[in-house]
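Engineer: Handing you a structure now.
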Amino acid sequence: MEKSPLQVEKVLIVEGRTDKEQVERVLQEPVQIICTQGSYDMERLEEEILPFEGAELYILVDADEAGNKLRQQLKRELPNAKHLYTRKMYGEVACTPLSYLAKILADAHFLVRSEHLQGNHGFNRS
């Protein structure tokens with residue numbers, strides 16, 4: 001569901017629909033999530049980002065060759081974006097455990113559902 005630019009303070013770029021769905025499961029604030037569909041089309045991406053000008057821009061892509069290539073392209077085109085990373089062992093954002101995804105997002109000051117932050121969940125909080 002698209003959010004109104006007036007109610008969105010953050011825009012998150014991910015690769016695909018399953019990545020978006022995984023992220024939405026942990027978020028507890030309105031965030032505009034834009035899918036690249038794994039390809040690089042800066043013109044289309046700029047059109048989708050433009051209504052949210054002034055919002056904080058984040059990039060979270062898969063920890064694989066295609067995701068790294070996309071990240072490098074986005075770094076050049078969107079130098080002010082903040083980059084978030086999943087672990088290589090998970091590979092895809094969609095395969096990242098909800099607890100770890102919540103930690104990534106919470107560390108970047110996103111509001112996340114508290115049930116995904118409870119306990120250690122196998123990662124170090126330091």
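Engineer: Look through Leu60, Leu50, Leu70 and report the one residue that is in contact with a strand residue (DSSP E or B) (Cβ under 8 Å, 6 or more places away or on another chain) and more than 18 Å from Leu101 (Cβ to Cβ). Before the answer, list the steps.
Structural biologist: Numbers: Leu60 fails: more than 18 Å from Leu101 (Cβ to Cβ); Leu50 fails: in contact with a strand residue (DSSP E or B) (Cβ under 8 Å, 6 or more places away or on another chain).
On inspection, the qualifying residue turns out to be Leu70.
Engineer: Hey, could you check region 70-89 for residues that are more than 15 Å from Leu45 (Cβ to Cβ) and buried (at least 18 other Cβ atoms within 10 Å of the Cβ) and say which is farthest from the chain's Cα centre (by Cα)? Steps first, please.
Structural biologist: So in region 70-89, the residues more than 15 Å from Leu45 (Cβ to Cβ) come out as 82-89.
Still in the list and also buried (at least 18 other Cβ atoms within 10 Å of the Cβ): 84, 86.
Working: Leu84: 7, Thr86: 10 Å.
Result: Thr86.
Engineer: Further question on the same structure: Name the one entry in Tyr90, Tyr58 that is closer than 17 Å to Ala108 by Cα and not hydrophobic (A, V, I, L, M, F, W, C).
Structural biologist: Numbers: Tyr90 fails: closer than 17 Å to Ala108 by Cα.
Being closer than 17 Å to Ala108 by Cα and not hydrophobic (A, V, I, L, M, F, W, C) holds for just one of Tyr90, Tyr58, which is Tyr58.
Engineer: Among Ala81, Ala63, which is the only one that is closer than 12 Å to Ile13 by Cα and touching a helix residue (DSSP H, G or I) at 6+ places or on another chain (Cβ under 9 Å)?
Structural biologist: Details: Ala63 fails: closer than 12 Å to Ile13 by Cα.
Checking each option against the conditions leaves just Ala81.
Engineer: Would you pick out the residues in region 18-69 that are assigned to a helix (DSSP H, G or I), at pLDDT 90 or above, hydrophobic (A, V, I, L, M, F, W, C) and over 10 Å from the mean Cα position of the chain (by Cα)?
Structural biologist: Residue satisfying the conditions is Ala66 alone.
The values are calculated or read from the model by the stated rules, or taken from the named source; none is laboratory data. Treat the numbers as computed from the prediction; the structure is a model and nothing was measured. Reconstructed Cβ throughout: ideal geometry from the backbone, glycine too, with neighbour counts over all protein chains shown.
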